[in-house]
Amino acid sequence: KKVQTFLESKFQNFLCIFDNADDKKVDLNKYIPGGKNCNVIITSRILEIAQVASPGCCVAVSDLYKEDAITLLLGHAHIADCDTNREQGSKIVDALNCHALAVSSAGAYMQAFKTCTLSDYLSVLSSKQKELFEYQMKSLDGYSKSVYSAFMLSFEKLSTQAKHLLQMCSFLHHTAIPVQLF
């Protein structure tokens with residue numbers, strides 16, 4: 001409430017961003033500052049969030065088209081764009097629901113681990129997604145599962161020390177991380 005009051009007292013334009021506002025139980029209207037100087041951007045995968053927006057101010061962003069997702073996958077993996085690879089890539093992007101972040105992560109994984117073929121990746125991804133169904137996450141929509149699966153494949157390839165470093169860094173603020181830590 002104090003932050004909201006502070007922002008409402010501003011006489012200059014400012015931008016307020018609510019990123020990943022995907023919890024249907026949260027009423028965003030309670031948190032949006034009032035006043036003519038406030039500009040708001042809300043990102044969400046929940047269609048109902050559009051009710052918060054002014055008429056005509058909602059932009060729907062969809063997943064990638066399948067052919068574009070395959071091209072993205074092969075490009076990030078540095079794999080030749082031929083019919084055979086596109087056919088195998090098609091199965092991967094289907095498993096990842098054509099989500100750009102998951103597809104690009106999958107491609108980067110295959111590029112980093114050059115011994116991992118398209119069929120190898122699909123096999124490993126399938127086994128990871130089965131584990132996800134057993135592990136209940138807060139949001140188990142297709143987006144969360146596909147991005148999480150792609151991330152976990154890369155994370156598991158890290159050394160123990162690198163995993164610990166990432167876990168420690170997750171507690172730090174994203175700006176001004178002291179160099180002395182390293």
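A short reminder: the numbers here are calculations on the coordinates, not readings from a lab. Note that the structure is predicted; figures quoted are calculated from it, not measured. Every residue, glycine as well, gets a Cβ built from its backbone with ideal geometry; the counts of neighbours run over all protein chains shown.
Normalised by the number of residues in region 2-52, what is the relative contact order in percent for Cα pairs under 8 Å and 6+ residues apart?
47 percent
Can you pull the three principal axis extents for the Cα set of the chain, in Å, largest first?
59, 47, 32
So what is the relative contact order of the chain, in percent, for Cα pairs below 8 Å that sit 6 or more residues apart?
15 percent
How much length, in nm to one decimal, is gained on full extension between residue 170 and residue 12, taken as 0.36 nm per residue of separation minus their Cα-Cα distance? If you can, show how the numbers build up before the last one.
Working: separation 158, 0.36 × 158 = 56.88 nm, distance 3.34 nm.
Extra length from residue 170 to residue 12 when fully extended: 53.5 nm.
When N counts the residues of region 2-52, how does its alpha-carbon radius of gyration compare numerically with 2.2 N^0.38 Å, as a ratio?
That ratio works out to 1.18.
Quick one: helix 118-134 against the long Cα principal axis of the chain, what's the angle to the nearest 10°, folded into 0 to 90?
The angle comes out near 50 degrees.
With springs only between Cα atoms under 10 Å, which of 94, 83, 68 fluctuates most in a Gaussian network model of the chain?
Its mean-square fluctuation being the largest, the pick is 83.
Taking amide hydrogens as modeled 1.01 Å from N in the peptide plane, which residues meet the under 5 Å criterion relative to residue 40, leaving out close sequence neighbours?
16
Stretch residue 111-residue 123 to full length: gain in nm at 0.36 nm per residue minus the Cα-Cα span?
Net length gain for the segment: 2.7 nm.
Kirkwood hydrodynamic radius for region 35-93: how many Å is it when counted over pairs of different Cα atoms?
Here the Kirkwood hydrodynamic radius works out to 14.5 Å.
Tell me, how many Å apart are the Cα centres for region 152-182 and for region 43-94?
28 Å
Which order do the peptides 158-168, 37-47 come out in when sorted by mean C-beta neighbours inside 10 angstrom, highest first?
37-47, 158-168
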